[in-house]
Amino acid sequence: MLTQLTSHLWTLPSRSMQYNAGVFISNGEAALIDPGVHPDEMEALARLVAEQGASPRWLILTHSHWDHIFGPEHFPGVPVIAQARYLKEVDTNADGIRTEIAKWEKRFGLRRDAPFTIPRPTETFDDDATITVGSLNLRLTHVPGHASDQLAVYHAESETFWASDILSDVEIPFVSHSLAAYEATLTRLTDWAIRVLVPGHGHATTDPADIHARLTDNRAYLTELRARVTRAVRDEKTVEETVASCADMRYRHPEENEFYHRLNAESAYLELGGEADPKRVGWNQDWSLTAQ
Ligand SMILES: [Zn+2]
């Protein structure tokens with residue numbers, strides 16, 4: 001169901017994965033952000049844009065994970081912008097992305113005539129970029145840590161922050177790129193003025209206490225993870241022992257997030273110098289090996 005969050009931003013929470021698609025609209029132009037995972041959701045966004053008398057001007061892909069890149073094939077010809085590392089990510093992970101998309105389409109009985117083509121952005125940027133949408137200036141900023149190429153979208157006038165896959169109320173930080181980068185990203189965001197927060201998965205919020213808590217809880221979680229894994233590596237613990245030493249950490253929704261917390265501990269172990277086979281542990285393991 002489409003929700004208008006500010007005078008210029010609408011979100012479309014998906015019926016899957018608590019995923020959020022969105023669109024900024026102003027003066028006849030629209031910037032779509034990760035516009036959906038189901039075809040009917042993308043159609044609903046396209047209808048909204050048309051009803052508002054606008055045309056899609058930009059398609060923003062927040063990062064290269066498979067669930068964020070369906071938009072371009074539904075909005076052909078619309079300029080696509082992504083962070084510069086997107087290209088390396090999709091080149092390195094093309095097989096994994098295609099596998100996940102094939103699984104997704106099979107699960108929902110979606111048929112396609114031609115194989116999925118991983119979209120290439122028409123524009124990229126390194127640290128920051130500003131795009132214009134009608135009378136709005138949207139700042140795109142690099143927020144790595146979950147993905148090396150992740151970007152967030154900031155509209156300063158309304159203090160609206162589209163976070164991509166960080167600052168969720170339902171997920172813990174998924175540290176699938178780099179703990180150090182994730183910590184740096186959250187540190188950088190602490191003094192940003194944010195009144196409206198939309199995560200890639202979970203609930204949008206305008207509650208100052210909730211916004212503050214998401215940032216401080218996630219920072220505290222990463223600090224504690226770093227401390228425990230650093231200690232384990234120093235004491236020459238195995239990866240299994242390290243995971244065990246992180247088991248009683250506190251985090252949101254432990255029943256849903258226990259598996260991801262384990263991956264975080266394993267990936268942090270590798271990042272902080274622990275010795276284990278990266279094909280068999282952590283976020284970027286070879287799942288075809290470990291699924292057997
Ligand atoms: Zn992601």
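The values are calculated or read from the model by the stated rules, or taken from the named source; none is laboratory data. Fair warning: this is a prediction, and the values are worked out from it, not measured in the lab. We place every Cβ from the backbone using ideal geometry, glycine too, and count neighbours over all the protein chains shown. Ligands, DNA and RNA are excluded from the accessible area calculation, which covers all protein heavy atoms including side chains. Shrake-Rupley method; radii C 1.70, N 1.55, O 1.52, S 1.80 Å.
Every residue in the range 106-121 that is outside any helix (DSSP H, G or I) and either among the charged types (D, E, K, R) or free of Cβ contacts under 8 Å to residues at least 12 places away in the same chain (or both), please.
GLY109, ARG111, ARG112, ASP113, ALA114, ARG120 - these are the residues of the range 106-121 that are outside any helix (DSSP H, G or I) and either among the charged types (D, E, K, R) or free of Cβ contacts under 8 Å to residues at least 12 places away in the same chain (or both).
Considering only residues that are within 11 Å of the ligand (Cβ to nearest atom), under 22 Å from HIS253 (Cα atoms) and outside any strand (DSSP E or B), look in the range 148-172 and name the one that is most open to solvent (accessible area, probe 1.4 Å).
Residue satisfying both the conditions and the ranking: GLU171.
Can you tell me which condition TYR269 does not meet? The list is (1) touching a Gly at 6+ places or on another chain (Cβ under 8 Å); (2) under 28 Å from TYR154 (Cβ atoms); (3) part of a helix (DSSP H, G or I); (4) in contact (Cβ under 8 Å) with a residue 40 or more places away in the chain, and all the others hold.
Going through (1) touching a Gly at 6+ places or on another chain (Cβ under 8 Å); (2) under 28 Å from TYR154 (Cβ atoms); (3) part of a helix (DSSP H, G or I); (4) in contact (Cβ under 8 Å) with a residue 40 or more places away in the chain one by one, TYR269 breaks only (2).
Can you work out which of the residues in the range 59-78 that are in a loop (DSSP other than H, G, I, E, B) and within 26 Å of HIS177 (Cα to Cα) is nearest to the ligand (Cβ to nearest atom)?
The residue in question is HIS65.
Of all residues in the range 1-22, count the ones that are in a loop (DSSP other than H, G, I, E, B), in contact with an Asp or Glu (Cβ under 7 Å, 6 or more places away or on another chain) and not aliphatic (A, V, I, L, M).
1
Which condition breaks for LYS103 when tested against (1) in a helix (DSSP H, G or I); (2) touching a residue at least 60 places away in the same chain (Cβ under 8 Å); (3) not acidic (Asp, Glu)?
Of the numbered conditions (1) in a helix (DSSP H, G or I); (2) touching a residue at least 60 places away in the same chain (Cβ under 8 Å); (3) not acidic (Asp, Glu), the odd one out for LYS103 is (2).
Please verify whether VAL229 is β-branched (Val, Ile, Thr), out of contact with any strand residue (DSSP E or B) (no Cβ under 7 Å at 6 or more places or on another chain) and open to solvent by less than 30 Å² (accessible area, probe 1.4 Å), treating the condition exactly as stated.
Yes.
Just the residues that are surrounded by fewer than 20 Cβ atoms within 10 Å (Cβ to Cβ) and either in contact with a Gly (Cβ under 7 Å, 6 or more places away or on another chain) or without any contact (Cβ under 8 Å) to a residue 24 or more places away in the chain (or both), please, taken from the range 17-28.
GLN18, ASN27, GLY28
When you scan the range 174-195, how many residues do you find that are farther than 17 Å from THR230 by Cα, out of contact with any Asp or Glu (no Cβ under 6 Å at 6 or more places or on another chain) and either charged (D, E, K, R) or assigned to a helix (DSSP H, G or I) (or both)?
7
Scanning the range 122-145 for residues that are open to solvent by 10 Å² or more (accessible area, probe 1.4 Å) and either under 12 Å from TRP192 (Cα atoms) or in a loop (DSSP other than H, G, I, E, B) (or both), which turns out farthest from the ligand (Cβ to nearest atom)?
Among those residues, the one meeting the criterion is SER135.
With open to solvent by 10 Å² or more (accessible area, probe 1.4 Å), of a type in the set (D, E, K, R), within 18 Å of GLY22 (Cβ to Cβ) and out of contact with any His (no Cβ under 7 Å at 6 or more places or on another chain) as the only criterion, which of ARG195, ARG188 stands out?
ARG195
Taking the range 145-175, which residues are among the polar types (S, T, N, Q) and at positive phi?
Passing the criteria: only SER164.
Out of all the residues in the range 23-58, which are closer than 17 Å to GLY71 by Cβ and in a helix (DSSP H, G or I)?
Hits for the range 23-58 are PRO39, ASP40, GLU41, MET42, GLU43, ALA44, LEU45, ALA46, ARG47, LEU48, VAL49, ALA50.
Would you mind finding the one in ALA213, ALA209 that is open to solvent by less than 40 Å² (accessible area, probe 1.4 Å), of a type outside the set (Asp, Glu) and without any contact (Cβ under 8 Å) to a residue 12 or more places away in the chain?
ALA213
How many of the residues making up the range 245-292 are open to solvent by 90 Å² or more (accessible area, probe 1.4 Å) and of a type in the set (Ser, Thr, Tyr)?
Selection size over the range 245-292: 0.
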